[in-house]
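Trainee: Okay, here's the structure, questions in a sec.
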Amino acid sequence: MGNVTELKRRLLLAPEDVEARFALAEALFGERSLQPARTQLEKLLVSQPSHGNGLRLLSVVCRALGEAGAARRALQQLVEHAPDDADAHDTLAQALIEDERPDDALLEAQEAARRPPFSPQRYARCVALARSTGRLELARAHAERGLLRAPGEPELTDHRRWLLAELGVDDAFDLVAALDRADPLFEVREALIREDLAGAKKRVVAAAAHAEGRAELHLLRGELLLLEGQHERAQRSFEKARSCSPVPLVTGELAARIGRGVYRRLGVLGWGPHGGAVSPLEAHAVEGTGQLHFTGNVKGSGLEAGKLAFGLLKARAASWGLTAALGRRDLQLNFADAHLGKEGLSSGVALTLAGHAALKGRQVPARVAITGATSLAGEALRIQGIHEKLTAAFLDGYRTILAPRANRADVEALPRPVREALEVKFVTTVDEALQLLWPA
């Protein structure tokens, strides 16, 4: 008790002595006086909210008190104040794993892996978490990022071998998919996915001066040439990429996916076994008599959302210019991920927009995800689980989100990496959403 008594005396004489207060909290924790330790740490953080060791210890104390939520919030505050501290992200990732929040844990593990010092173990954690949430292509990207810097690392090698077999692909590195968003070439890939070929070409030219020796530059140039229909030149770029790389390379996969329209399926935000989920939605107008065909493991209130969306399309047919199409076509809506059951009304806005696009013959912008219930009056209604849904959208590579304006405060509370990477557009009505996707 002598140390505790002395520290209390010091604080009586100098209540603003931050280090004395932290030392007192440590001493109290050592004596298992948990609540008094917490009180001292909370006082410390009022005057110095970015005190890293104070936040770490507060998290430990709260967890010892059985308050997992408070422990997690302390670590979230830590990474907000120290976003470039890899150890802080690591610590939060471990806490989220213990709290059985794998999507959030993966988000923080990725942030840790992106920051120095390089650690193969951090990439291995990313791979394991991506595998556990069913994101096998993301897991492969993390395994290959790590192996490019630590060739032959046993754990990453084992992970990658399993992933290649599970995905049914050849033993080649997909350097385009493995690009980190901090890499200048990442924006070239993003422009290609948006099918902004002119923008991609400008970025390739700008990057050539400092990246000419990188295989990734020649791969991206080859993908661009494929999309432009210049197949022979594309193959020469791929050969150049192979000459710069010590590993076998995937070529042409990005252009093939763009050609199949993979990135132009609307992402519908919902729930899955691990938290948030993004279901790719396909919509086609086919010859018929104005009927709705809705497939993709949809049940309960999920089916009601489809009927409501179709009812809204019919109710607004005249003002949206859909009368003729609805008289001679059926609408086919299909969720491509049939393994995941869909329930709930929060897909309403997405289903309405997808149906509108199909009946009008419009192309959906690349990598847009949507959430929001709708009414027959065309309102975009507030939904639950925005944190989980937008975290899943970020992890799955979406970049633009449409969400109800009533959820703005929920979006502003998202983790920094999600807020910074996603462009969230708020809507009050379906009409507003239509204008955002297809400006007049």
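Trainee: Farther than 20 Å from Trp271 by Cα, assigned by TED's automatic domain parsing to the domain that holds Gly296 and surrounded by 17 or more Cβ atoms within 10 Å (Cβ to Cβ): does that describe Pro365?
Mentor: yes
Trainee: Still on this structure: Among the candidates Leu147, Leu106, Leu156, single out the residue that is touching a helix residue (DSSP H, G or I) at 6+ places or on another chain (Cβ under 6 Å), aliphatic (A, V, I, L, M), surrounded by 16 or more Cβ atoms within 10 Å (Cβ to Cβ) and under 21 Å from Leu390 (Cβ atoms).
Mentor: Values: Leu147 fails: under 21 Å from Leu390 (Cβ atoms); Leu156 fails: under 21 Å from Leu390 (Cβ atoms).
Just a single option satisfies the conditions, and that option is Leu106.
Trainee: Could you grab me the full set of residues in the stretch 389-414 that are within 18 Å of Arg101 (Cα to Cα) and under 11 Å from the mean Cα position of the chain (by Cα)?
Mentor: Hits for the stretch 389-414 are Lys389, Leu390, Thr391, Ala392, Ala393, Phe394, Leu395, Asp396.
Trainee: Is at least one residue of the stretch 153-166 part of a helix (DSSP H, G or I), touching a Lys or Arg at 6+ places or on another chain (Cβ under 8 Å) and of a type in the set (Gly, Ala, Ser)?
Mentor: Within the stretch 153-166 (the criterion being part of a helix (DSSP H, G or I), touching a Lys or Arg at 6+ places or on another chain (Cβ under 8 Å) and of a type in the set (Gly, Ala, Ser)), the answer is no, since none of the residues qualifies.
Trainee: Among Val4, Val79, which is among the β-branched types (Val, Ile, Thr), assigned to a helix (DSSP H, G or I) and within 30 Å of Thr133 (Cβ to Cβ)?
Mentor: Details: Val4 fails: within 30 Å of Thr133 (Cβ to Cβ).
Checking each option against the conditions leaves just Val79.
Per-residue answers, yes or no, for (1) in the same structural domain as Lys299 (by TED's automatic domain parsing); (2) farther than 28 Å from Glu187 by Cα; (3) surrounded by fewer than 21 Cβ atoms within 10 Å (Cβ to Cβ); (4) at pLDDT 95 or above:
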| site | (1), (2), (3), (4) |
| --- | --- |
| Gly344 | yes, yes, yes, no |
| Gly348 | yes, yes, no, yes |
| Gly355 | yes, yes, no, yes |
| Lys360 | yes, yes, yes, yes |
| Thr391 | yes, no, no, yes |
| Leu402 | yes, no, no, yes |
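Trainee: For the stretch 323-345, give me the residue count where each residue is touching a residue at least 60 places away in the same chain (Cβ under 8 Å) and under 11 Å from Ala309 (Cα atoms).
Mentor: Number of matching residues: 0.
To keep it simple, each residue is scored yes or no on (1) among the hydroxyl-bearing types (Ser, Thr, Tyr); (2) within 30 Å of Leu129 (Cβ to Cβ); (3) surrounded by 21 or more Cβ atoms within 10 Å (Cβ to Cβ).
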position	(1), (2), (3)
Gly270	no, yes, yes
Val286	no, no, no
Thr295	yes, no, no
Lys299	no, yes, no
Gly302	no, yes, yes
Ala317	no, no, no
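The values are calculated or read from the model by the stated rules, or taken from the named source; none is laboratory data. As the structure is a prediction and not an experimental result, all values here were calculated from the model. Because the Cβ atoms are built from the backbone with ideal geometry, glycine has one as well, and the counts that use them run over all protein chains shown.
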